[in-house]
Amino acid sequence: MKARRGNEELARGKHVAKENRSGRGPKIIIAAIASLAVVLGVVIAIVIPALTSPSSKPKSSGREVVVTIKKGWTAGEIGDELAGKKVVESPLFFRLYIRYKGLGDKLRPGEYLMREGMTYEEAVSILMKGPPDRYVTITIPEGYTIDQEAEILSKSLKIDKEKFKVLAKTGSQTFAGEFQFLSSNRLNTLEGYLFPDTYRFKPNATAEDVIRAQLAQFKRVTADLDLTSTGRSVHDAVTIASLVEREARIAEERPLISAVIGNRLEKGMLLQIDATVQYALPRWKKELTYKDLEIESPYNTYKHPGLPPGAIGAPGLDSIKAAANPANVDYLYYVVIDQSGRHFFTSNYNEFLKAKAKSPKP
């Protein structure tokens, strides 16, 4: 009897144990689901709003980039393309945003012109609208004048070159409210401020569209530069940069040429830069004559002291940097010494004359 009772008690104990185990299982699952819900709640409450906040933008130049989205791509592949081009910061967060918004099938394939450092919301908005029919790619070379730019634009876009020249040469005040760096511009012309670069425009772009894009690019590329570091105005810095652009053919010489210009200005010397005379002439000449040097123009730095009234072309970023940060040298003269365009620099006039005697003809 004792043995049988013991077996019955043992059996009851096992039964109770099974009941306890089967009761704990659902409780563990429920707890796990609750924890996951909390985590998802945190993601939705904290991460998702951060994705659409302007403060979530990565620090970048904001330069334009071409993004190609292929047909059939998943949100993950699109996120990888955008992150690879630095349009968005994280492909993972991009996928989370798409999933949260339920937009996986709303993004359209094609070629897009986007910017580095966009919010996820901005990027998705563009991809949902779809690409424009096509873009026209135009390159404005460094050093080009407004007249030269007008020729390029009129061949690639439906822009009347004369209308472009009128707006570019008289529109400084038109755009001054939008672009603060124009505030020190003493002239009506935008010469020097239409940044030379490669642009992509819609075929129906207007002259105003082009000019605004170039001014916006000038603003972006100079955002981290102190153009008044030498004590001169932004306008004077742009003017000096345009002289450097025309005079320098060797990259490392740009700060040296900038220094020579600054040193001569400090000493009240004539700049005597041929490129300023060329700008005053009706057309560019291979070689200036003594008669050309007598032309009456405020841009003739052989006759008028100080800087010319404004820029003589569109300086590139390296020339702008050189104008803002000239080399720490006492040079007052430079002259070309070989066919590559390399210069000899000196602060001694006699040394300059000797080097000039050996200078190759243009």
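With the simple spin-label model, which puts each label point 7 Å out from Cα in the Cβ direction, the residue 348 to residue 209 separation comes to 5.9 nm. Checking the Cα-Cα distances for 165/285; 106/161; 169/361; 129/219 against a 32 Å cut-off, the pairs over it are 106/161; 169/361. For the range 165-319, the relative contact order is 28 percent, taking Cα pairs closer than 8 Å that sit 6 or more residues apart in sequence and dividing their mean separation by the residue count. Loop-resident GluC sites (Glu not before Pro) (DSSP state other than H, G, I, E or B) in the range 215-312 with no more than 15 further Cβ atoms inside 10 Å of their Cβ: 287, 296. Peptides 300-312, 153-165 ranked from most to least packed by the mean count of surrounding Cβ atoms within 10 Å: 300-312, 153-165. For the listed peptides 111-119, 176-184, 330-338, a ranking on the average number of other beta carbons within 10 Å per residue, highest first, reads 111-119, 330-338, 176-184. Residues 172, 319, 347, arranged from fewest to most other Cβ atoms within 10 angstrom of their Cβ, appear as 347, 172, 319. Pairs of Cα atoms nearer than 8 Å and 6+ residues apart set the relative contact order; for the range 145-214 it is 36 percent. Working ranking of peptides 66-79, 89-102 by packing, defined as the average number of other Cβ atoms within 10 Å per residue, highest first, is 89-102, 66-79. Of interest is the spacing of the C-alpha centroids, which for the range 235-260 and the range 284-362 amounts to 9 Å.
We did not get these values from a lab; they are worked out from the coordinates using the rules stated. For clarity, every value in this text was computed on a predicted model and none was experimentally measured. Positions of Cβ are backbone-derived with ideal geometry, glycine not excepted, and every protein chain shown enters the neighbour counts.
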